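*Asks:* Let me begin by handing over the structure; questions about it come next.
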Amino acid sequence: MSTDGISVNTIDAVDIRRNERFHMFPEERVKSIAGITGVIGFFSGFYDGIKSSSVRYLTENSHRLPRNVGGWYFYHKKKNYIMLTSGFRTGVRHGLKYSLLVSSFFSAEALVDQARGVQDFLNTTVTSSVFFTTFAYYKRLSRVQTLSYGKRGFLFGLCIGVCQDLMIWNRGGKVWYLEEWVVKRSGTQPEKM
């Protein structure tokens, strides 16, 4: 079976991204995740900004509501302008915040991967625990809340890390603990790719 003179086995043999998280190199992964979370943050902030400014405008002007058709026209015209400007302002703020936080998380994860020399769920778990605990300290939460955030970070990192490892394993990449499990289970060496 070939595609334009290149066999499928050759394509599998030269898949150098097989062992990477999300099938991307760290720099590509951080850039793409930063862009995606920035867009999600923008739309989330835009929606929040529009809703809050709409209610705020009504609250600020409820004592002087218009009494004729022309007054209502200008009331809604100004209200829509204020809603859009507030929505864009809040959207940009949320987009930058989401993008910065998520890209710094994945950058730290890539640094831990590089420092350990292995990509596995432990790196994601450690990075997530540190990030959640740091966030709790930054927000000056109580000791109980900080411990709760640390536990949540641990569980979140564990779930995300195991999912990433299963994605790597599913596409034929190397995950050391899954390979050892297969060897113990079957008594044979896994196929080398």
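*Asks:* Mind listing the phi-derived Karplus ³J(HN,Hα) values for region 130-144, rounded to whole Hz, using 6.51, -1.76 and 1.60 with θ = phi - 60°, and x for any glycine or proline?
*Replies:* Working through the residues one at a time gives 5, 5, 5, 5, 4, 4, 5, 5, 4, 7, 6, 7, 5, 4, 5 Hz.
*Asks:* For residue 61, what charge total do you get from the other residues with a beta carbon under 11 Å from its beta carbon, if Lys and Arg give +1 and Asp and Glu give -1? If you can, show how the numbers build up before the last one.
*Replies:* Values: positive: 56, 64, 78, 79; negative: 60.
That works out to +3.
*Asks:* For a quick check, take a GNM of the chain with Cα springs below 10 Å and name the residue from 78, 31, 97 with the largest mean-square fluctuation.
*Replies:* Of the options given, 78 has the highest mean-square fluctuation.
*Asks:* Right, something else. For the chain, modelled as a Gaussian network with Cα springs under 10 Å, which listed residue fluctuates most, 119, 164, 145?
*Replies:* Among 119, 164, 145, the largest mean-square fluctuation in the Gaussian network model of the chain belongs to 145.
*Asks:* Residue 20's amide H: which non-local residues (gap 5+, or another chain) put their own amide H closer than 5 Å, with H modeled 1.01 Å from N in plane and none for Pro or chain starts?
*Replies:* none
*Asks:* Then there is this: Residue by residue, what Karplus-based ³J(HN,Hα) values in Hz, rounded to whole numbers, does region 103-112 have, using 6.51, -1.76 and 1.60 with θ = phi - 60° and x for Gly and Pro?
*Replies:* Rounded to whole hertz, the list is 5, 5, 4, 6, 5, 5, 4, 5, 5, 5.
*Asks:* Now for a separate question. Apply the Karplus curve 6.51 cos²θ - 1.76 cosθ + 1.60, θ = phi - 60°, to the phi angles in region 81-86 and return the couplings in whole Hz, x for Gly and Pro.
*Replies:* Taking θ as phi minus 60°, the curve returns 4, 5, 4, 5, 5, 5 Hz for region 81-86.
*Asks:* Evaluate the Kirkwood expression for the hydrodynamic radius of region 48-193, namely the inverse of the mean inverse distance over all pairs of different C-alpha atoms, and round to one decimal in Å.
*Replies:* Details: mean 1/r = 0.0507 Å⁻¹.
Mean inverse Cα-Cα distance, inverted, gives 19.7 Å.
*Asks:* State, as an integer percentage, the relative contact order of the chain based on alpha-carbon contacts under 8 Å between residues 6 or more apart.
*Replies:* Numbers: 196 pairs, mean separation 46.3, N = 193.
Over the chain, the number comes to 24 percent.
*Asks:* Moving on. Of the listed pairs 51/78; 151/174; 97/139, which have alpha-carbon separations greater than 21 Å here? It would help to have the intermediate numbers written out before the result.
*Replies:* Numbers: 51/78 15 Å; 151/174 28 Å; 97/139 15 Å.
The answer is 151/174.
*Asks:* FRET efficiency for residue 97 and residue 76, Cβ-Cβ distance as r, R0 = 30 Å, nearest 0.05?
*Replies:* Efficiency at R0 = 30 Å is approximately 0.45.
*Asks:* For the chain, take the longest principal axis of its alpha carbons; what is the angle in degrees between that and the long axis of helix 176-186, to the nearest 10 within 0 to 90?
*Replies:* Between helix and principal axis, roughly 50 degrees.
*Asks:* What is region 17-117's relative contact order, in percent, from Cα pairs under 8 angstrom and six or more apart in sequence? Kindly include the intermediate steps, with their values, before the conclusion.
*Replies:* Details: 96 pairs, mean separation 47.0, N = 101.
Relative contact order here is 47 percent.
*Asks:* Which residue fluctuates the most in the chain, going by a Gaussian network model with Cα springs under 10 Å, if the choices are 28, 180, 20?
*Replies:* Maximum fluctuation in the GNM of the chain, among the listed residues, is at 180.
*Asks:* Here's another thing I want to ask about it. Once the piece of chain linking residue 116 and residue 31 is laid out straight, how much longer is it, given 0.36 nm per residue of separation minus the C-alpha distance between them?
*Replies:* Details: separation 85, 0.36 × 85 = 30.60 nm, distance 2.23 nm.
Fully extending the segment from residue 116 to residue 31 adds 28.4 nm.
*Asks:* Next question, about the same structure. Please list the non-local residues whose amide H lies under 5 Å from the amide H of residue 171, H modeled 1.01 Å from N, same-chain partners needing a gap of 5 or more.
*Replies:* Sorted by chain and number, the residues that satisfy this come to none at all.
Each value in this text was obtained by applying a stated rule to the coordinates, not by laboratory testing. Model, not experiment: these values are computed from the prediction. We place every Cβ from the backbone using ideal geometry, glycine too, and count neighbours over all the protein chains shown.
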